[in-house]
Amino acid sequence: MYHKGIEGFPYFLGLRSLADIATRDDRVCVLNVLGGESRTVTPTSHAFSGGNVVFGTSPGRGGQVLKTPVGDIPVYNNVREGLDAGHAFDTGVVYLPPSGVRDGVAELVRVNPGLRKIVIITEKISVHDAREIRAMAQANGIDIIGGNCLGVADSWNRVRIGGALGGDKPEESLLKGSVAIFSNSGGFTTTIAQYLATAGWGTTTLVSSGKDVYIHYAAPDFAHAFGNDDRSKAAVLYAEPGGYYEQGIDWTKPVVACVVGRWKSKLTRAVGHAGAMAGSGDSAEDKERWFMGAFGVPGLFTPENPVVSAKGAVVTNIADIPAALTAVMALNGAAPDFAPRGDLALKPWVANDQGLRLPPELAMPAVTAPEPYAGQIAALGAQVGAVVARQNMKDKSGASVMDPKTQVTSVHGHSVLDLALEPLEATFALPLVHEIATENDRAMLDVAVAAEVNLVGDPILVAADAAREAGNAPNAVMATAAAIVGPKRVERALGCTRALIGLFAHSGLRDGRDEEFDASGIVCDDATRALFLATEAEAADPRPEAMLAAIAARGGRSAFLKFLGGLGGRLSRDAILAAIATTIAWGPLMRKRISRLTAETLPWYLRLYGVMVGATIPGEHHRSGSLWGIPRDERFGQWTMADLCFLAMTGKKPTPEEALPLQMLVGLLISNGPGSISAQGAKGAVSADGPQTPARVQINKAMVGFLTHTGYSHGGNGFEGMAFLLEQFKDAGLTDPSDPAHGLDLKAMATAFARTYRREKAQAKELGTEVRALPGVHHPVFKGKPVNHDPRERFIAEFMARQGKYNVFHAFYRELVQALHDQGASPYVFCVNVDAVIAALLLALLWKDFKSGTLTERDLETAAFTVFLYGRMIGAAAEIDDHLNRGRNMDTRTPPPACGFVV
Amino acid sequence: MHLNGMLYGSRLLGHVDFPASEVLGPDAGEDAIQDLIARHGLIFVKPVFRGGVGKKGKAGLIGKARDLKTALAEKERLYFAEHRHGNAFAKANGVTFEAGIPAEHEVYFAITDDTHFRAPTMTLTHRGGVEIEDLDKSDIATVPFEALTGLKAFVVANALTDIGAPREIISPLVQHLPKLWELMHHYGMTTLELNPIRMRPGRDGRLTPVACDFKCGFDRDDPRVGRLGLPDQLFAADISAFEQEVNQLRTHQGQSDVFVINESGTILAPTFGGGANSLVTEVLGEAAIISSDFGGNPPYEKMKAVASICYRHFLPQTNVLFIIGGKSNNTDILETFRGMGDALREYFAAHGPTPLYVVVGRGGPNLVRGMGNLTETLESLGLPYRFFGFDSAISEVVNYAKRVDTWMRAGGRDEIAATLGLKAAAA
């Protein structure tokens, strides 16, 4: 039951020539024209084809229009309304969802007697509906192309009907020439056209057939129309396994057939193309044989073995199509349509091996892409540093994360345990540059911070002392100092950094340490030069020279300092600070690990670090040219961050034995993730200023936010463990906590305490009172096993053992948890937690000074709090910078429904 | 989605009143089996395979029993039988006991959509019960028919006459076979095959066709399959947990077709376009973890969800994340790359970094913006990458990805792990 079409076909076929498939005369009606896909594709098709869409339908949206570059396409509720409005069309395009396609075809066929063909774009049409669609079209004499296809296009007529052949720029791929394309793959229809151009071949008509079980316009139909199209001298046919459409075709002109899908026989289910599943005789190999028979070739064409005949060639890789076609056409005496355009060699457009050394054949450098892409890539390249999308950052962090299982926090991918093993100066910049500082960077950082610590003559010192004298804890003293380091105090340093980044951004400098870099092409205008140079008011400030000398003494290298040195003037302290910051930030900035914003604000953090450490040193020790008796040159030229911190806590420089535990303490304390109170304080402060206008965010105030969110419970409680240990060891006659030959019977001490504690516990139970908590023992996560360990404590213990270091307090804690269990005071062996480690390390560090009376118990408490603040200052900087880059204004608010009211 | 055997076949045939042999399931008691033998004399014991595997008879996987002892022995032999046919492998879980139908005539009947005709096509022979490929062409009728009117009685009658079928089977077949079109067409099947249909004589000597084996394929894109109320786990053998998860996102906007090729592959290749899928699957071979087609312009959310599932299942073992497609026609590169990049960022946030090299080959709308977005993500994750535009041959890009995989296996993975601060590479 089929309508009579072209003679000789046992079914209806109406399209006689490829020249008729997509013409400028075709008038098109698009069903579901306002659907997601049509809305983006149809305007391009319409404009490319000279405005061939007469109307579209979208039930319920009649009266709307689809805007296109060449005018609006009217939309009707249905086809009848459109026809009644006076529009006429002969071609239907179906963009309906799968369940609606069959009915859409019926509508087109029944309502419009002038209909000639339909292009079905929709994929995932059920076989059931495809059967009926075929039957309807056959009975009514309609040609259908598709489904699950991208329609048809004609490079001569500059028309495309239906889908998106040629993408959003059809003129790029649809180049006029002599080759017709028929492809089971919509994507490859365009891709093959583009590949052909690399050998100088253009196209006539392109048919994307789809690859469902039912291919309504199939290879035999194409072969017939191809034979009748004088423009088409050759054809390329792309086929996949499944179906007998390509069998027994008598091709009348040369054809290159590409059969892909041998491997697909290993799949038991179709992926992508529903019809690309072979049965018993329609596998990829079968199809290759059909074509080889039709072309009279004994094998497949490959570049190594180019088997062709004048009738055609069979390839299995679409990249071989251009060469095969050229070879076939040479036998027919035909030359390509135009000069080759481009080639198909591997051309990376963008690449970054992140410093890895790949083998040369893999590490091919990026090449310039064709226009307009090259221009777009260049514009991307002009972007300096990373760009991070903003989102609500309440309780979230892109800087730190705590593993709930191990309770170990990582900051920018480095666990605090690993950080505890790094020198302090190596971790100070981590929150900002996201990398552990190199030797050179450490030297630079030490100088930068050292230059900020001495606050003599600065009102900060007066304020900090006043805060201290008023009985405040160290966090409030630090906060007082930080509050004064406001935007104006860093205005010029940040300006200098901005200027340096601007000057060097596109200079090709990759490494900030590269003093050999030729900066002669970088021109600095007078205003910028003036920004870098010291003013007359700064004439008395000895620090710029001292800093430069110190950097030279430490062997620090900086392309920026070298550049500034060439400006021919006395540099300001701000300019040197900016150059140091830029040197440290440059690599990560160029590698897009950090944003430009982060790099530009780095000096603020460095200044804050120095001032906050400096403020913990009482005012009387700040003298002109010396700090706690340490001359400036020595401090600038030799001292490290750890030395300065130790000085602030004890008034002296640490020995290497003392520096290590301090470094470990600070490392362990850096962060406990975004949920910790201190992090919340910092994040809230940023959020309240509004990170979406980053220039208004006061980083010093965010530091104050962190500091106000620490206190005797959060931070100060490090002292509780020390107090507990002091009580145990006060009369023990201990002289050196690091000497294993201390002569104490720790087990007996622990057992005695455990007995007492057990009695206390029993009494408390009887009285119904709270039993006292033991600081440093037990943990809500690491519990319940016969013997428990805090992995952080284990990590430190193992490291200390490897280093041959001993800590009597730590050893006592280990005895204590065992004794508590042995004496029945605990149901199992509790863990020694990380707080115990911190208390043990710190008490050991300060023990001698305490015993000698240099430090009081109150000093110990202050020291415990202070060391916490030093560590957390780094973690807070990470959260502040992260929130500044990623967060939204006021995003730390808790929505009212999540809040509770309590009576 | 294939269904084999009479356990469910007899139920499905019941929908259109087509006679079927009596069948007992794996949980049949000894009394019921004994009763079945008593009434029919001969029963067949067949393993229950999920999905579709053929040639069970040839593989000796069909047991015959005339007494309970033999039936139970066959049950034990076949209950967990394994069967490989072509690329399909199946493991049985249970057996059926099917009544033997004494008959003189065995008929083969099938309907499928034949691409020779582009129409539903009936295949029919009165010389059934054997492999159809073994028969002489003249004994087989292959008749396309019109889908709108369906399989009509006269089509069956003409076909049987053409192949010279015995007179006595014509009338009963003409009466019953058209029902099978109803079953096939209205319940979302793509193929239906009954072999054999045994012609059981009634008291009056009149023959009744009785289906003694059943095979069908379902169209996963046809909601009519749901009308049968078949339990989902019937088709579970077809798909892995990963595929199951991805399939839940299967909608018409944007493909989400996946197939796990090699559970221990090392290249994870989200592929765009059916053609690209064929080519990529071909060139990557066993190195690929999945064969996929995510084209069809998926929206951001869907792309991100699909990518998240892929990463969750396979990223730890992946050496090369390989995003590959031709020059897309309408798939928005920015949206899809953003989806995949954000999913990667979230994966790293939740599970920590994993050593990866990222290779991209792509073209299409918003290409450079998409590449820019993805490079930002990769830069922030510290991952090495190399992106190719559409002007590199896609097959060469696939080969490049393979070469990177080789390098990764030969120490590259450890090098990347080191740059990511990982102590040891996982795979």
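FYI, it's all coordinate maths here, none of it is from the lab. Just so you know, these numbers come straight off a predicted model, no measurement behind them. Using ideal geometry, Cβ is built from the backbone for each residue, glycine included, and neighbour counts are taken over all protein chains shown.
Below is a table of values for the structure above.
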read-out: Restricting segment A:668-765 to trypsin sites (Lys or Arg not before Pro) in coil, as DSSP defines it, with at most 14 other Cβ within 10 Å; value: A:LYS730
read-out: Two-site FRET efficiency, A:ALA527 against A:MET890, from Cβ-Cβ distance with R₀ of 35 Å, rounded to 0.05; value: 0.45
read-out: Shielding of B:107-113 by partner chains, average beta-carbon count, 10 Å; value: 2
read-out: Among B:93-103, B:374-384, B:388-398, the order from most to least packed when residues are scored by Cβ within 10 Å on average; value: B:388-398, B:374-384, B:93-103
read-out: Cβ-based exposure ranking for A:ASP689, B:ASP257, A:ASP168, A:ASP403, in which fewest neighbours within 10 Å come first; value: A:ASP403, A:ASP168, A:ASP689, B:ASP257
read-out: Shape box of the protein assembly as shown [Cα atoms, principal axes, largest first, Å]; value: 120, 84, 64
read-out: Relative contact order (%) - criterion: Cα under 8 Å, at least six apart; region: chain A; value: 10
read-out: Rel. contact order, % - alpha carbon contacts under 8 angstrom, at least six apart, segment A:718-855; value: 39
read-out: Gain in span if fully extended, A:ALA47 to A:ALA374, counting 0.36 nm per residue against the direct Cα distance; value: 115.2 nm
read-out: Helical contribution to [θ] at 222 nm, DSSP H n ≥ 4, -39,500 (n - 2.57), averaged over the protein assembly as shown, rounded to 500; value: -13000 deg cm²/dmol
read-out: Translational diffusion coefficient (Stokes-Einstein; Kirkwood radius from C-alpha pairs) of chain B at 25 °C, 0.890 mPa s, in µm²/s; value: 99
read-out: Inter-probe distance in nm under a simple model that places probes 7 Å from Cα toward Cβ, at A:GLU439 and A:ARG16; value: 8.5
read-out: Debye, to nearest 20: dipole size of segment B:239-419, +1 on Lys, Arg Cβ, -1 on Asp, Glu Cβ; value: 180
read-out: Exposure proxy ranking, count of Cβ atoms within 10 Å, fewest first, for A:VAL33, A:VAL65, A:VAL93, A:VAL408; value: A:VAL65, A:VAL408, A:VAL33, A:VAL93
read-out: Percent of beta bridges antiparallel (DSSP, segment B:239-419, rounded to nearest 5); value: 20
read-out: Cβ charges +1 (Lys, Arg) and -1 (Asp, Glu), total dipole of the protein assembly as shown, debye; value: 860
read-out: Cα centroid separation, segment B:335-409 to segment A:121-196 (Å); value: 30
read-out: Pairwise FRET efficiency - B:ALA418 versus A:LYS67, Cβ, R0 = 60 Å, nearest 0.05; value: 0.65
read-out: Unit charges at the beta carbon, dipole of chain A: most positive-side option, A:GLN247, A:PHE560, A:LEU417; value: A:GLN247
read-out: Percent antiparallel among DSSP beta bridges (both partners in the protein assembly as shown, rounded to 5); value: 55
read-out: 0 to 90° range, to nearest 10: angle between helix A:791-803 axis and chain A longest Cα axis; value: 70
read-out: Peptide B:290-297, shielding by other chains (average Cβ, 10 Å cutoff); value: 4
read-out: Cβ-based charge dipole, the protein assembly as shown, positive-most Cα from B:VAL45, A:LEU531, A:GLY151; value: B:VAL45
read-out: Shielding by partners - mean other protein chain Cβ count within 10 Å, residues of B:320-333; value: 5
read-out: Viscosity 0.692 mPa s, temperature 37 °C, Stokes-Einstein D of segment A:763-903 from Kirkwood C-alpha radius, µm²/s; value: 175
read-out: Shape box of segment B:108-206 [Cα atoms, principal axes, largest first, Å]; value: 39, 28, 20
read-out: Using alpha-carbon coordinates, inclination of helix B:394-407 to the longest axis of chain B, degrees; value: 70
read-out: Partners for A:LYS730 among lysines (Cα-Cα distance below 21 Å; same-chain residues under 8 apart left out); value: A:LYS747, A:LYS848, A:LYS851
read-out: Unit Cα scatterers, Debye sum, segment A:450-555: log10 I(q)/I(0) for q = 0.17, 0.23 Å⁻¹; value: -1.04, -1.33
read-out: Euclidean distance of C-alpha centroids, segment A:281-296 and segment A:543-605, integer Å; value: 69
read-out: Straight-distance crosslink candidates among aspartates and glutamates, where the alpha carbon sits under 17 Å from A:LYS761 and sequence neighbours closer than 8 are dropped; value: A:GLU770, A:ASP822
read-out: FRET efficiency, B:SER264 to A:LYS169 (Cβ-Cβ, R0 41 Å, nearest 0.05); value: 0.50
read-out: Spatially proximal lysines relative to A:LYS488 (Cα-Cα < 19 Å; intrachain offsets below 8 disregarded); value: A:LYS701
read-out: Over 22 Å between alpha carbons, listed pairs B:LYS91/B:LYS215; B:LYS304/B:LYS402; A:LYS405/A:LYS592; A:LYS169/A:LYS211; A:LYS169/A:LYS592; value: B:LYS304/B:LYS402; A:LYS405/A:LYS592; A:LYS169/A:LYS211; A:LYS169/A:LYS592
read-out: Overall dimensions of segment B:239-419 as given by Cα atoms, namely Rg and Dmax in Å; value: 14.5, 42
read-out: Loop sites in segment A:386-476: trypsin sites (Lys or Arg not before Pro), DSSP, at most 14 other Cβ within 10 Å; value: A:ARG390, A:LYS405
read-out: Inter-part distance where segment B:199-246 and segment B:7-74 are each reduced to a Cα centre, Å; value: 16
read-out: Cα pair distances of segment B:22-100 binned at 5 Å [whole percent]; value: 3, 17, 29, 24, 14, 9, 3, 1
read-out: Relative contact order [Cα under 8 Å, 6+ residues apart], segment B:239-419, whole percent; value: 22
read-out: DSSP-defined beta bridges in chain B - what % are antiparallel, rounded to 5; value: 75
